[in-house]
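Read through the structure below, which is laid out as structure tokens, and then see the notes.
The values are calculated or read from the model by the stated rules, or taken from the named source; none is laboratory data. Being a predicted model, the structure only gives us computed values, none of them experimental. All Cβ positions, glycine included, derive from the backbone under ideal geometry; neighbour counts span all protein chains shown.
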Amino acid sequence: MGLKKSGPLLQYSYTPTLPGYFKAEHHISDLDQDSYVRLSTRQEQSFMALMKRFDSFFDKILNLMAIVAGGLLAFSMLSVSIAVATRYFFNYPIGWVIEISSYILLYVTFLVAAWVLKEGGHVNIDIILNQLRPRTQSLINFITSIINAAVCLILTYYAGKVTLDLYKTNYFTPTELELPKWIINVIIVIGSLSLFIQFIRTGISYMGNFKDVKNRSIVPETLKEYEL
């Protein structure tokens, strides 16, 4: 006694074991295997295309942040120069210049931090690291990148929490301008989050080198050297 069912991709055959019971066996046809491979390939290609679009978009965001930081720094230099000139020649000090310049320094620091990381511009100490094998270098760089990403994520969380509290309480700075304090703190959230994402990208790059590179110097495509 036997029962057999076949379809375009799957085939099922039933063989008798005990009276009233049947044993089912699942056979994957060659056509089914080919379809599975094609589906996996399409899914992988779609994921890679999505990641490339995200990388391109994030790079544009970092470039925009760097441009904004450059504009703020230029404005700070110009305003300080004008304030010094008016105070010296006309005895007319501009009180808000120093306050705004201090805020600009904070903004510039967090606006360009992730961009500098991407460009490999942070100070790094690699005297010992350069003496190791390339794969070992890549592994250490990957681990430290993940640790740095975790630190940035923690900083993002607590900075966001404080910023939200300042926004809810409508707290103002006790200064001449009396700016809302959350406007000053929000850049810490933005900068820390962008650093977290960039450290993750850096870690992925190092892990790819760890898997693929054995006997040559390991340097991620987006970095010149490892950043601390």
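Being charged (D, E, K, R) and not in a helix (DSSP H, G or I) is the filter here; which residues of the stretch 125-161 pass it?
Answer for the stretch 125-161, where residues must be charged (D, E, K, R) and not in a helix (DSSP H, G or I): ASP126, ARG133.
Given the criteria more than 18 Å from ILE190 (Cβ to Cβ) and not aromatic (Phe, Trp, Tyr), does ALA113 qualify? Write out each step before concluding.
Numbers: more than 18 Å from ILE190 (Cβ to Cβ): no; not aromatic (Phe, Trp, Tyr): yes.
So ALA113 does not fit the description; no.
Would you point out the residue of the stretch 72-95, among those that are among the polar types (S, T, N, Q) and exposed (fewer than 14 other Cβ atoms within 10 Å of the Cβ), that is nearest to the chain's Cα centre (by Cα)?
Among them, the one singled out is SER81.
Tell me which of these LEU111 doesn't satisfy, since it passes every other one: (1) out of contact with any Gly (no Cβ under 6 Å at 6 or more places or on another chain); (2) assigned to a helix (DSSP H, G or I); (3) over 30 Å from PRO174 (Cα atoms).
Failing condition for LEU111: (3).
I'd like to verify a number: residues in the stretch 71-115 that are of a type outside the set (Ser, Thr, Tyr), under 29 Å from ASP59 (Cβ atoms) and in contact (Cβ under 8 Å) with a residue 24 or more places away in the chain, how many?
Matching residues across the stretch 71-115 total 13.
Each row is one residue, and each column tells you yes or no for (1) buried (at least 16 other Cβ atoms within 10 Å of the Cβ); (2) touching an Asp or Glu at 6+ places or on another chain (Cβ under 7 Å); (3) modelled with pLDDT under 80.
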| position | (1), (2), (3) |
| --- | --- |
| ALA149 | yes, no, no |
| LYS161 | no, no, no |
| TYR167 | no, no, no |
| PRO174 | no, no, no |
| ILE188 | yes, no, no |
| PHE199 | yes, no, no |
| GLY208 | no, no, yes |
| ILE218 | yes, no, yes |
| TYR226 | yes, yes, yes |
